[in-house]
Amino acid sequence: MRRIDKENYYLDIAQAVLGRSTCLRKCYGAIIVHNDEVIASGYNGAPRGRRNCVDLGRCTREELKIPSGQRYELCRSVHAEANAIISAARRDLLGSTLYMVCKDPATGELIPGTTSCSMCRRLIINAGIQRVVIRNTPTEYSVVHVEDWVREDDSLPGQS
C-alpha cells in the first residue's frame, strides 16, 4: 500500500469541508495547517443565523449574471478562507499553510486553477499565512507563496 503525500492528505480534508458549503455557484472548502496540525477550517456560506442561498433557492449574483470575481458585495456568503481565518488565533496562523478546494455544485467536478479573491488575499496576507495550496485534480495541486501576492500588489492600478 502506498501512503498519500501530506499535501493531498490536507487537500482531502479541505475537500471534505467543502461538503458543508451552501453556495449555488461554487463550493469551497479550506483548512489551515500549522506545524502539521489542522488549526481551523472553513467553507463558504451565509453569516451565522442568516439564510443560505441553498435554502433560498437563489443566488443574486447568478440572477444578475455577474461574472466571477466581480461584485462580491452582492454575495450572501462569507468565503471559506475568511471563515477559516476567523476561526483561528493569529499566533497560530503565522507561517501556516491554507489548503483550498473548489467544486462546481451543479456537476460536482473540481474547478482547477481556482485562487483566492482579492479580499481574501488581503486577509491571508494580514493573517501571516505563508502558503496557499490549491487542488487542481484529485492528485495535482498548485502552491502559491503569499509573499508573491504581497510583491504583485493587485490593488494598485495597472497591476494584476
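Among the lysines, which fall within straight-line cross-link reach of Lys65, defined as a Cα-Cα distance under 22 Å, with same-chain neighbours fewer than 8 residues apart omitted?
Lys26, Lys103
Excluding Trp149 itself, what net charge comes from residues whose Cβ is under 14 Å from its Cβ, given Lys and Arg +1 and Asp and Glu -1?
Computed value for this residue: -2.
State, as an integer percentage, the relative contact order of the chain based on alpha-carbon contacts under 8 Å between residues 6 or more apart.
Once normalised by length, the contact order is 22 percent.
Can you list the trypsin sites (Lys or Arg not before Pro) in the stretch 1-62 that are in a DSSP coil and have 15 or fewer other beta carbons within 10 angstrom?
Arg2, Arg3, Arg48, Arg50, Arg51, Arg58
What whole-number distance in Å separates the alpha-carbon centres of the stretch 115-156 and the stretch 17-70?
Each part reduced to its Cα centre gives a spacing of 17 Å.
What residues have an amide H closer than 5 Å to that of Ile39, excluding those fewer than 5 places away on the same chain, when H is modeled at 1.01 Å from N in the peptide plane?
Hits under the 5 Å cutoff: Ile32, Val33, His34.
What number comes out for accessible area per residue over the stretch 15-59 if the probe is 1.4 Å? Units Å², please.
55 Å²
Once both labels are modelled 7 Å past Cα along the beta-carbon direction, what's the Arg20-Glu37 spacing in nm?
Using points 7 Å along Cα→Cβ, the separation is 2.0 nm.
Given labels modelled 7 Å from the Cα in the Cβ direction, how far is it in nm from Ile4 to Thr60?
For the pair Ile4/Thr60, the computed spacing is 3.7 nm.
Only Cα pairs under 8 Å and at least 6 apart count here; give the relative contact order of the stretch 7-57 as a rounded whole percent.
32 percent
Pop out the carbon and sulfur fraction of the accessible area of the stretch 33-103 as a percent, whole number, probe 1.4 Å.
Carbon and sulfur atoms account for 44 percent of the accessible area of the stretch 33-103.
Just to check I understand the Karplus step: with θ = phi - 60° and J = 6.51 cos²θ - 1.76 cosθ + 1.60, what whole-Hz values come out for the stretch 74-84, glycine and proline as x?
8, 7, 6, 7, 8, 5, 4, 4, 5, 4, 5
The values are calculated or read from the model by the stated rules, or taken from the named source; none is laboratory data. Nothing here was measured: the structure is a model prediction, and the numbers come from that model. Cβ sites come from the backbone with ideal geometry, for glycine too, and all protein chains shown count toward neighbours. Heavy atoms of the whole protein, side chains included, go into the accessibility calculation; ligands, DNA and RNA do not. Shrake-Rupley method; radii C 1.70, N 1.55, O 1.52, S 1.80 Å.
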